[in-house]
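Working notes for the structure below.
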Amino acid sequence: MLHEITGQSELVASLTKWSAMARSPRAMARDGLLILAGPDADPAVIGRAAAEAAIGSVRILRTGEIDSTGTLTEALGAAPGEVWVIRPDAYVAAVLDRPDTARLAAALRRAVGAAVVSPGNRVRVGKEVRTHGI
């Protein structure tokens, strides 16, 4: 299930509580998209989704590797199988529970505003509506 978070304040507040982090919360998220993966999230799915989305820089961090005390995981309320997609502005774009490759790739594309366009789909470009692929 995909959970949309309404803003960056929840993430920033949670990360701010996590005092063990060496870098600031915003600095951690600045280098492209950030994926925070719980210990039960499938690393193969995450890698395939990042490659399939083809959206540029994607940094993948396991919560257990960066949160040995569990403080961050507790502050976020993160479940073991969850994958959090965080934009460079520290906005939580999506939280998915045990996603498959297609769902995670779609969430990554949405996080950067990339649409999936198929031939025949109508696409709005400014005020103009175009039919893609025709």
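Given the options Pro99, Pro80, name the one that is touching a strand residue (DSSP E or B) at 6+ places or on another chain (Cβ under 7 Å), at pLDDT 85 or above and part of a loop (DSSP other than H, G, I, E, B). Walk me through how you get there before you give the answer.
Working: Pro80 fails: touching a strand residue (DSSP E or B) at 6+ places or on another chain (Cβ under 7 Å).
Being touching a strand residue (DSSP E or B) at 6+ places or on another chain (Cβ under 7 Å), at pLDDT 85 or above and part of a loop (DSSP other than H, G, I, E, B) holds for just one of Pro99, Pro80, which is Pro99.
Say we look at segment 20-38 and pick out the residues that are of a type outside the set (A, V, I, L, M) and in contact with a strand residue (DSSP E or B) (Cβ under 7 Å, 6 or more places away or on another chain); which of these is modelled with the highest pLDDT? Full working, then the answer.
Our first condition is that a residue be of a type outside the set (A, V, I, L, M); within segment 20-38, this holds for 23-26, 30-32, 38.
Retained after the next criterion (residues that are in contact with a strand residue (DSSP E or B) (Cβ under 7 Å, 6 or more places away or on another chain)): 31-32, 38.
Details: Asp31: 75, Gly32: 81, Gly38: 92.
Per the stated criteria, the residue is Gly38.
Considering only residues in segment 39-65 that are exposed (fewer than 15 other Cβ atoms within 10 Å of the Cβ) and either more than 15 Å from the chain's Cα centre (by Cα) or hydroxyl-bearing (Ser, Thr, Tyr) (or both), the one that is nearest to Val112 (Cα to Cα) turns out to be Ser57.
The values are calculated or read from the model by the stated rules, or taken from the named source; none is laboratory data. Keep in mind that this is a model prediction, so the values were computed, not measured. Because the Cβ atoms are built from the backbone with ideal geometry, glycine has one as well, and the counts that use them run over all protein chains shown.
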